[in-house]
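A quick write-up on the structure given underneath.
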Amino acid sequence: MPRDHNSKFLPDPYFHPDHLPESKLQYVAWIDLMGTTSLMEYSFEYAATNICKLHLIVAQQESYDQFRLYPMNDGLYVVSDSYRPLVEFLSDVFSDHAEILTSNFDRERWDILRLAIPRAAIAYGHLYHPEDIKQSALVNYQYASSILLGEPMTLAHHKESNAAPFGIIADKSVHEADGEIKWWNEDRLPRLLFIIFDEYIKECQKKTGIEYPDAAAEKHRSRAREYLIK
């Protein structure tokens with residue numbers, strides 16, 4: 001007989017804080033694509049393509065299997081025991097993305113409104129991986145391997161909103177870095193990215209269907225200029 005989900009007396013799934021595994025002091029990066037909601041409303045195909053391309057770029061990195069990754073639709077958490085390998089991984093992801101983006105920009109049929117704009121932030125602290133749980137009924141479900149818990153997730157997620165377009169930034173919990181992290185080795189890519197981003201803003205302001213309020217656009221243009229050019 002099917003269970004009555006309208007009942008007021010459904011059993012409470014039992015999980016106690018003692019069931020949490022021992023936390024690990026680790027670094028976590030949150031990578032996100034800016035403006036996905038607005039792009040989704042404009043073109044589902046554009047947004048879905050950008051999301052899948054981001055995950056492909058991440059998955060195709062040579063060092064991919066050195067990290068624990070937790071995809072979250074238009075973003076993902078990347079967990080590392082060490083700071084430097086994580087920065088190198090993020091730098092490779094952003095460099096590959098920039099190379100692909102700048103090569104597409106020169107193509108006649110490429111629509112600038114499909115622009116994918118990643119940002120990332122790194123934080124440090126105690127993380128819990130529920131796939132390491134040895135007790136509770138949660139161990140019976142593969143679903144648990146996709147869960148990540150811990151304050152650094154919140155710190156990284158919040159800090160990412162302060163990053164420049166195409167930027168990587170470190171939270172104050174990361175003692176090895178102070179604020180913005182430059183991922184490029186030479187100035188060609190970041191300068192081209194700023195030109196492309198500036199063109200994207202101009203196109204959005206033509207009322208093309210992608211909502212980009214003037215105040216936010218000017219703030220992001222200024223942050224991009226400061227990060228990518230200065």
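The values are calculated or read from the model by the stated rules, or taken from the named source; none is laboratory data. Predicted model, so just to flag it, every value in this text is computed and none were measured. So basically every Cβ, Gly included, is an ideal-geometry build from the backbone, and we count neighbours across all protein chains shown. The accessibility values were calculated without ligands, DNA or RNA, using every heavy atom of the protein model including side chains. Shrake-Rupley method; radii C 1.70, N 1.55, O 1.52, S 1.80 Å.
Observations on the structure shown:
- Among HIS157, HIS97, the sequence by solvent-accessible area, most first, with a 1.4 Å probe is HIS157, HIS97.
- Listed residues VAL79, VAL139 arranged by accessible area, highest first, probe 1.4 Å: VAL139, VAL79
- Fraction of accessible area attributable to carbon and sulfur, the chain (%, probe 1.4 Å): 50
- Listed cross-link partners LYS159/LYS207; LYS53/LYS206; LYS134/LYS182; LYS24/LYS219; LYS53/LYS202 are compared with a 32 Å cut-off, the Cα-Cα value being larger for LYS134/LYS182; LYS24/LYS219.
- Using the 1.4 Å probe convention, the accessible area of segment 1-139 works out to 58 Å² per residue with neighbouring protein chains retained.
- Computed with a 1.4 Å probe over protein heavy atoms only, the accessible area of ILE51 comes to about 10 Å².
- Accessible area, probe 1.4 Å, largest first, for residues ARG109, ARG221, ARG68: ARG109, ARG68, ARG221
- Rounded accessible area per residue of segment 148-201, 1.4 Å, Å²: 48
- Residue by residue, segment 131-138 carries 3J(HN,Hα) couplings of 5, 8, 5, 10, 10, 6, 5, 4 Hz when phi is fed to the Karplus relation 6.51 cos²θ - 1.76 cosθ + 1.60 (θ = phi - 60°); x denotes Gly or Pro.
- DSSP H segments from the chain that extend 27 Å or more along their own axis, Cα-based, with Kyte-Doolittle mean of -1.0 or above: 83-105
- Cα gyration tensor shape for segment 146-227, rounded if a/c is under 1.5, else prolate or oblate: oblate
- Secondary-structure-derived ellipticity at 222 nm for the chain, considering helices only, amounts to -12500 deg cm²/dmol, per-run term -39500 (n - 2.57) for DSSP H runs with n ≥ 4.
- Segment 136-190: C-alpha gyration tensor shape, a/c 1.5 cut-off, then a/b vs b/c: prolate
- Against the compact-protein benchmark of 2.2 N^0.38 Å, the Cα-based radius of gyration of the chain scales to 1.16.
- Tensor-based shape of segment 20-109 (alpha-carbon gyration tensor, a/c under 1.5 rounded, otherwise prolate or oblate): oblate
- Check: the chain dipole with +1 on Lys, Arg Cβ and -1 on Asp, Glu Cβ, in debye: 420
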